[in-house]
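These notes are about the structure you will find just below.
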Amino acid sequence: MSAILMPALLFTGLLVAAGGAEEIDPGKITTLTVEQVQNLKPKGDSMRFGKLAELTPEVAAALASQKMELEFTAVENPSVEAIKALAGHKAGLSFPKIAGLSPGVARALAGYEGTRLSLNGLATLSPEVARVLADYDGHVVLKNGKQPGSLALDGVKELSAEAAAALANSKAALRLNGLTSLASIPLAEKLGSQIELRLQSLAAISDEVAKALFLSPKAPKGTGMSLGLKQLSVEAAKALGERGRTLGGHWVFHELETIPDEVAEALSARAALRCWKVTKLSDRAAKALNQFFHVHMYALSDVSNEALEMFSKRHTFIIHGLKKLDCVPFAATLMSNNSDFLDLNQLETISDEAAAALAMDCRRTKLSAVPLPSLKSLNSVALAEVLAEGTLPDPRAPRGAAQEARRRKGRLALSKLEVASDAVVRVLATHEGPLSLGLKSLSVEAAKALAQREAETALGTQELSDEAARALAEAKGRISLPGLTKISEASAAALRKNAGISLPK
């Protein structure tokens, strides 16, 4: 009996619902009938068909009434009839597996009426296919009119001059995030006229293309740009800066590593700026970038205290990559200025004065301290007290009783903290949740404090004296010592008598 039922129970993608109807997971099915379409139960905000390799016109017509994006991950060669049957679908259509297009299939796709057409599997685009796809006229209906839909071609790396000229006439907004070179002035002007621009694979452009891209005659206000440029010339920066000063915007540089003084001054604008790889700023460049109304510097570690003090006098100049902090004015405003997005995951050292100032700012704003997972030393009892009280994963979240409990009992990770005074360790030991400390050695007083903890403790300790080992052997909670290498046999035996203490084998 069980052998007969097993194939039915394993029928891919089907679940029996309470009413007896079959609920179908689009991501698992390999075949689909018109009758089954009404029982599709997607996960998330789109309907992804990960294993459906064939799409019939009848099924496509039934799917056209769906209210969410359709993605056919495994369909490589859809028929013209199937694509035409999807024409009236409105929520977005994606065929990531299509590697080549005939003009006929391209014409059918261009007739799609939905908000987004994604063909990211295409690596090349002939001029003829480019001309046909440029007729795609999907759009998003808004209360005050309509906004162009988007044609995503992120797999295209190179475009001939003819194909680029054809795409420049696209009725929809273009996504060419895989494009590695751009020489077409008309295409640059087209891309620069869009409300959102992603060119993360484009490492370099000429000044002429930069001017066409950044100063497009139809450039809108508040454009979002995600750029892969590895360097920015002064002329290109002037063009982008002029755009920012007149139209604003939000610019993300993923690969830019340096911003010379002249470039920073040309770029300066009342816009938003994010740089993922810039590690150093001169005071002159910092002063210029301080004109941006919102800045995120994710890797910046080399910046003077004078520049940090200048940043401390305003909101939303956020430096995520700091490794050293001894600028007291900056530390004293970190939480009050930047608590929404701040992280200090790279911070290795903090002066006692800066630590005290940071702790005071946490108290003043009634916000928890941000995590400090890279911190190597700590002598500030005030900052230790704030850390011991716990951190919130999202400082903006409302502080209800449940949130407070999670804060107090969440893990306090200081696994690189190699040096801390006994006073600091005593305070950190009061944390209610799991605690990780990288302390290479442990004093008797520190061992006694940690032994009183009931929550889990992980220590990076490599050496233990007999007195410290005896104190730690009285531990109430679980203690892990994976790096312990120097300890007497008698002390090791004493620790092993406590079943909650874990030692290296």
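Throughout, read-outs are computed from the coordinates displayed, never taken from laboratory work. Quick caveat: nothing in here was measured; it's all calculated off a predicted structure. Please note: Cβ atoms are built from the backbone with ideal geometry, for glycine as well, and neighbour counts cover all protein chains shown.
Among VAL328, VAL156, a tally of other beta-carbon atoms within 10 Å of each Cβ gives an order, fewest to most, of VAL328, VAL156.
Can you tell me which lysines have their Cα less than 30 Å from the Cα of LYS486? Leave out same-chain residues fewer than eight positions away. Within reach: LYS376, LYS416, LYS440, LYS448, LYS476, LYS497, LYS505. Stretching the chain fully between LYS505 and LYS28 yields a gain of 167.3 nm (0.36 nm per residue, less the alpha carbon separation).
With a cut-off of 13 Å between beta carbons, the residues surrounding ALA357 carry a summed charge of -3, where Lys and Arg count +1 and Asp and Glu -1. Counting neighbouring Cβ atoms within 10 Å and putting the fewest first, the residues PHE341, PHE292, PHE330 line up as PHE341, PHE292, PHE330. Shown for VAL425, VAL252: other C-beta atoms within 10 Å of each C-beta, ranked fewest to most, produce the order VAL252, VAL425. Which FRET efficiency, nearest 0.05, do HIS294 and SER65 yield, Cβ-Cβ r, R0 45 Å? Computed FRET efficiency for HIS294 and SER65 comes out at 0.60.
Per residue of the chain, what 222 nm ellipticity follows from adding -39500 (n - 2.57) for every DSSP H run with n ≥ 4, rounded to the nearest 500?
Working: 22 runs with 168 residues, N = 505.
Result for the chain: -8500 deg cm²/dmol, rounded to the nearest 500.
Legend: calculated FRET efficiency, ALA490 to LYS366, from the Cβ-Cβ distance at R0 = 51 Å, rounded to 0.05, equals 0.55.
List the lysines whose Cα lies under 17 Å from the Cα of LYS218, skipping any in the same chain that are fewer than 8 positions away. Here the lysines satisfying the reach criterion relative to LYS218 are LYS146, LYS171, LYS190.
Near LEU174, the amide H atoms lying under 5 Å from its own belong to LEU151; only residues 5 or more places off or on other chains count, and H is placed 1.01 Å from N. In a DSSP loop and with at most 16 other Cβ atoms within 10 Å, the GluC sites (Glu not before Pro) in region 432-505 are GLU454, GLU456, GLU474. Spin-label model, ALA455/ALA161: points 7 Å from Cα along the beta carbon direction are separated by 6.7 nm.
Gain on full extension, evaluated as 0.36 nm per residue between LYS221 and GLU255 minus their Cα-Cα distance, stands at 9.8 nm.
Near ILE479: Cβ cut-off under 14 Å, other residues only, Lys/Arg at +1 and Asp/Glu at -1. The net charge is +4. Loop-located trypsin sites (Lys or Arg not before Pro) across region 81-163 with a Cβ neighbour count of 14 or fewer within 10 Å are LYS143, LYS157, with loop assigned by DSSP.
A cut-off of 5 Å between modelled amide H atoms, ignoring neighbours fewer than 5 places along the same chain, links THR457 with LEU435, ARG478, ILE479, SER480. Modelled label positions at SER374 and VAL234, each set 7 Å beyond Cα in the direction of Cβ, lie 3.3 nm from each other.
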